[in-house]
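Single-structure report; data block below.
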Amino acid sequence: MASTKYLSKRSHNVHQVPKPLLEGAMRFMANPYDSTTNPEGIVNIGVAENSLMHEELLEKLKPALTLKKEFFNYGMMFGTLELRTLMAGLFNRHFNPVEQIQPSHITVHNGAGPSIDLLSYVISDPGDGVLITTPYYGGFDYDFEAHAEVKVIPVNLEGKSPFHVDHIECLENAMLKAKEDGIRVRSMVLCNPHNPLGRCYPLEVLIELLRFANRHDLHVISDEIYGLSWYEHDNDATPFISLLSIPNLSNFIDPKLVHFIWSFSKDFCINGLRVGIVMSPFNTEVISNLQALCLFNAIPNTSDHLIRELLVDTEWVDWFIQENQRKLLKNYTQTVEFLDRHRIRYNPSTAGHFIWTDFTPITQKIAMVHGSEKAERVLWNAFIENGVYSSLGEAFHSSEPGYFRITFSIDWDVLNLGLSRLVKVIDSFEES
């Protein structure tokens, strides 16, 4: 055990939270693939980054990369009024809110993760629980637990689909179990579009989730970070429906319990500028507390400036969103054609940057030698050692080992190389 002589007791909590996604990212970052300088390096098809529109962003934002004297001064810690006004316009145009979003509903932070941390700090006490159905984005564990000390309660759906109303029973059972364990559940996360499953929730399921939360007086944290990365490739696909767009919200839940997380990382392919938001249109107390705490995770004046330069051109923004969706669909189509060709099973996606891929036949074979608990890690390590990084199901609390999340929102030549390396590893296990 680490010494407590020089550190606080709570600081040790940071290292107790599992971070398999960060572990994998650090491994590929130590030896990243480059077609010219490092062709044997590790191809990253695990991190949910979208680089398909980087050239267009460079062309748009390069002229705005100028320093101004005012950038050296303190700025508005929760985002300038101009930035929040432009953001409100973006949501009003593309998320179809029943009531118009106002700048006062938004606080700006340095990423979606810090936004979740700050929101959970405001609405929960240390030791309180937050429900999240599995599989779920593994970064949530760190976002809630490391600083705010809110306990993530993974809810295993026992074979039920999160996109059907019958999974509400599993949430009810989780509430009972938490009560027996002495945990006060304070909130639940709704990730829509879903990460890692890459699908959108039907309206009837959203309504039942709101009713469930209202029965138990739970805050609903609606993570809609992929809300503009929905692409239609099937007429039967469920479109993205923001909670903002549900009429008569108060018929299903106290609106003061509903909050939103979003950032520019995913829908606008700008992970590195670190601009995320909390939006709480119906709860002024939450907004007031977020504003008071924004000093600890404010964005730089330069990021505020660059995002304003991007959003002010609404015609370009609307074109960008459509072009990004077109490119996502193209890459998705090429990726599933590759998987079909190599008889690799997967869950069809309709949104996001990734595909939930099924390698369970391989992990079951590996388990006969290494044991079921180690099988997924053995395969994951084999992928990395053979030059490709994909996110393992363990990081998403998958109930069955052998599922991996593959990111397809990168240049096709690089993606094709990474997928080909995956297949070589799979073939080697099948032949052994």
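The values are calculated or read from the model by the stated rules, or taken from the named source; none is laboratory data. Worth saying up front: this structure is predicted, and the values here are computed from it rather than measured. Here Cβ is always computed from backbone atoms with ideal geometry, including for glycine, and neighbour counts include all displayed protein chains. The accessibility values were calculated without ligands, DNA or RNA, using every heavy atom of the protein model including side chains. Shrake-Rupley method; radii C 1.70, N 1.55, O 1.52, S 1.80 Å.
Overview of values
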| item | result |
| --- | --- |
| Test: residue in the range 25-47 that is among the polar types (S, T, N, Q), modelled with pLDDT under 90, loosely packed, with under 13 Cβ neighbours inside 10 Å and over 27 Å from A146 (Cβ atoms) | no |
| Number of positions in the range 303-332 that are surrounded by 13 or more Cβ atoms within 10 Å (Cβ to Cβ) and polar (S, T, N, Q) | 4 |
| Options G129, G138; residue that is surrounded by 19 or more Cβ atoms within 10 Å (Cβ to Cβ), modelled with pLDDT under 95 and of a type in the set (G, A, S) | G138 |
| Residues that are within 16 Å of the chain's Cα centre (by Cα) and open to solvent by less than 30 Å² (accessible area, probe 1.4 Å), drawn from the range 363-397 | S390, S391, L392, G393, A395, F396 |
| Those residues of the range 411-420 which are surrounded by fewer than 20 Cβ atoms within 10 Å (Cβ to Cβ) and either over 21 Å from G198 (Cβ atoms) or among the aliphatic types (A, V, I, L, M) (or both), in sequence order | D413, V414, L417, S420 |
| Where A237 falls short, out of the listed (1) within 19 Å of T333 (Cα to Cα); (2) among the small types (G, A, S); (3) surrounded by 17 or more Cβ atoms within 10 Å (Cβ to Cβ) | (3) |
| Count of residues meeting criterion [in contact with a Ser or Thr (Cβ under 7 Å, 6 or more places away or on another chain) and crowded, with 20+ Cβ neighbours inside 10 Å] in the range 202-219 | 2 |
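So that you can scan it fast, the table gives a plain yes or no per residue for (1) under 21 Å from W230 (Cβ atoms); (2) in contact (Cβ under 8 Å) with a residue 12 or more places away in the chain; (3) within 18 Å of the chain's Cα centre (by Cα):
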position: E145; (1), (2), (3): no, yes, yes
position: E149; (1), (2), (3): no, yes, no
position: F163; (1), (2), (3): yes, yes, yes
position: E169; (1), (2), (3): no, no, no
position: M175; (1), (2), (3): no, yes, no
position: L203; (1), (2), (3): yes, yes, no
position: R211; (1), (2), (3): no, yes, no
